[in-house]
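Engineer: Below are the structure tokens for one structure; questions will follow.
The values are calculated or read from the model by the stated rules, or taken from the named source; none is laboratory data. Remember, it's a predicted structure, so these values are computed and weren't measured experimentally. Neighbour counts are summed over all protein chains in view; Cβ atoms, including those assigned to glycine, are modelled from backbone coordinates with ideal geometry. Please note that ligands, DNA and RNA were not included when accessible areas were found on the heavy atoms of the full protein model with its side chains. Shrake-Rupley method; radii C 1.70, N 1.55, O 1.52, S 1.80 Å.
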Amino acid sequence: MATIAFIGLGNMGGPMAKNLISAGHAVTVFDLVPEACADLKSAGASVAASAGEAAAGKDYVISMLPAGKHVAATYLGDDGLLAQLDNSTTCLDCSTIDAATAREVGEAAAAAGIGFMDTPVSGGVAAAAAGTLAFMCGGTAETFPKAEAVLSAMGKNIFHAGPAGAGQVAKGCNNMLLAIHMIGSAEALEMGARNGLDPKVLSEIMLASSGRNWSLEVYNPYPGVMETAPASNDYKPGFMTDLMAKDLGLALEIAEQSGVDNQMGKLAKALYNKHQDEGNGQRDFSSILEQLQA
Ligand code: NAD
């Protein structure tokens, strides 16, 4: 059993913190929204009045915040957690943020002698609630086993991707590829359907052939092919278009900073931004298929 401060109790952080409590850890929470804290209090957490109060003296700090600026403000500067903690606390930031900020915070933590990993997740709200998230961790080999020890209460696959920032880079690479094969799968299915093929039969053919991919296998974007996919439930998320557009923005920053001319990634981002602009931000990202039917 570990003592854990959990900062950021939104759609993802709330259920993740509950899984830590279910696993027997002593969890102290902080969020700017009092209702989010009250919900965790009724699940067995202690509530603190600030991130610093939550983190003081704990074995771990886990954060799940919207963007890089929130993570930087939480950990860096004179008021940040790194200035208040010592090497008895390990910090894990599960937020999806830009790799540059993740590296900056990871390096600042290393300079202060504090173990820190960027540990973004793959899997949405349902996986957060079920405790089946995948974690991609960036930081030292020394910190990784400590991260694994608590992340295992919230997820199934926990990878050490590399040094500080590597978790965010891995997440950016994965989600860029996801966007590209979702769009490719939608194009192939729409093209087949317009030429008289049954999308279900075409899906079976491609799943047994070299076009096989995750979008086809578990998340078919064509309505009616797969009962459990958002496409068969009016594209109710699932994984929102807004979040895919956010992740593509982060992936493109990584590509630009490392000099990779990722033309398919850029095209995927342009298509997802158009889809957002047309009012589909809150719908599942597989609704990109409708761009082909307009
Ligand atoms: P959310 O907006 O529901 O939750 C964020 C929470 O952080 C809110 O409760 C907010 O009040 C709190 N917060 C913001 N600033 C704070 C601060 N300074 N101190 C304390 N609390 C603060 O977002 P979410 O959907 O839970 O996503 C969290 C992170 O997980 C994001 O980086 C997102 O990209 C990533 N993510 C989300 C999903 C998903 O399906 N929702 C999937 C994978 C990854």
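Engineer: For the stretch 3-163, give the share of DSSP beta bridges that are antiparallel, in percent and rounded to the nearest 5; count only bridges with both residues there.
Structural biologist: Close to 10 percent.
Engineer: Hey, what did the stretch 169-293 get for relative contact order, percent, Cα under 8 Å, at least 6 apart?
Structural biologist: RCO, the stretch 169-293: 34 percent.
Engineer: OK, next. Taking every pair of distinct Cα atoms and averaging 1/r, then inverting, what Kirkwood hydrodynamic radius in Å comes out for the stretch 146-219?
Structural biologist: Evaluated over the stretch 146-219, this radius sits at 14.8 Å.
Engineer: When Lys and Arg each count +1 and Asp and Glu each count -1, what net charge do the other residues less than 13 Å away from Ala231, Cβ to Cβ, add up to?
Structural biologist: Here the count lands on -2.
Engineer: Moving to a separate point now. For the stretch 3-163, give the magnitude of the charge dipole about the Cα centre (Cβ charges: +1 Lys/Arg, -1 Asp/Glu; no others), in debye to the nearest 20.
Structural biologist: 440 debye
Engineer: Still on this structure, please answer the following. What order do Thr101, Thr132 take when sorted by accessible area (1.4 Å probe), most exposed first?
Structural biologist: Thr132, Thr101
Engineer: Here's another thing I want to ask about it. Where does the charge balance sit around Ala164 when Lys and Arg score +1, Asp and Glu -1, over other residues with C-beta under 12 Å from its C-beta?
Structural biologist: Around Ala164, the charge tally is -3.
Engineer: DSSP beta bridges in the chain, what fraction antiparallel, as a percent rounded to 5?
Structural biologist: Antiparallel bridges: around 15 percent, rounded to the nearest 5.
Engineer: Further question: For the chain, what's the relative contact order in percent, using C-alpha pairs closer than 8 Å and at least 6 residues apart?
Structural biologist: 13 percent
Engineer: Where the centroid of each part is defined by its Cα atoms, how far is the stretch 182-249 from the stretch 33-67 in Å?
Structural biologist: Going from one Cα centre to the other spans 38 Å.
Engineer: Would you work out which of Ser50, Ala149, Asn195 lies farthest towards the positive end of the dipole of the chain, given +1 charges on the beta-carbon of Lys and Arg and -1 on that of Asp and Glu, about the Cα centre?
Structural biologist: Highest projection toward the positive end goes to Asn195.
Engineer: A follow-up question, please. Please get the size of the charge dipole for the stretch 1-80, origin at its Cα centre, with Cβ charges of +1 on Lys and Arg and -1 on Asp and Glu, quoted in debye to the nearest 20.
Structural biologist: 200 debye
Engineer: Follow-up. Which shape class applies to the stretch 22-140: rounded if a/c is under 1.5, otherwise prolate when a/b exceeds b/c and oblate if not, where a ≥ b ≥ c are the square roots of the Cα gyration tensor eigenvalues?
Structural biologist: Oblate is the answer for the stretch 22-140, as a/c is 1.5 or above yet b/c matches or exceeds a/b.
Engineer: Of the options Gly131, Ile97, Ile114, report the single residue whose Cα projects farthest towards the positive end of the charge dipole of the stretch 97-238 (beta-carbon charges: Lys, Arg +1; Asp, Glu -1).
Structural biologist: Projecting each Cα onto the dipole axis, the largest value belongs to Gly131.
Engineer: Want the number for Ala112 to Val260: 0.36 nm per residue separation, take away the alpha-carbon distance, what's left?
Structural biologist: Value of the extension gain: 50.0 nm.
Engineer: Express in Å², to the nearest 10, the accessible area of Arg103 obtained by rolling a 1.4 Å probe over the protein heavy atoms while all chains stay in place.
Structural biologist: The accessible area comes out at roughly 90 Å².
Engineer: Quick one: P(r) of the stretch 169-293 from all Cα-Cα pairs, 5 Å bins, percents rounded to integers, in order of increasing distance.
Structural biologist: For the stretch 169-293, the binned pair fractions read 2, 12, 22, 23, 19, 13, 6, 2, 0 percent.
Engineer: With n ≥ 4 as the cut-off for DSSP H runs, can you work out [θ] at 222 nm for the chain, using -39500 (n - 2.57) per run divided by the number of residues, rounded to the nearest 500?
Structural biologist: Result for the chain: -14000 deg cm²/dmol, rounded to the nearest 500.
Engineer: Right, another one. Calculate the dipole size of the chain relative to its Cα centre from +1 charges on Lys and Arg beta carbons and -1 charges on Asp and Glu beta carbons; express the result in debye to the nearest 20.
Structural biologist: Magnitude of the dipole: close to 420 debye.
Engineer: Hey, another quick one. How much net charge surrounds Ser287 when only other residues with a Cβ under 13 Å from its Cβ are counted (Lys, Arg +1; Asp, Glu -1)?
Structural biologist: Overall, the nearby charge balance is -3.
Engineer: In addition: Debye calculation, C-alpha points only, no solvent: report log10 I(q)/I(0) for the chain at q = 0.07, 0.12 Å⁻¹, in the same order as the q values.
Structural biologist: The calculated log intensity ratios at q = 0.07, 0.12 Å⁻¹ are -0.28, -0.78.
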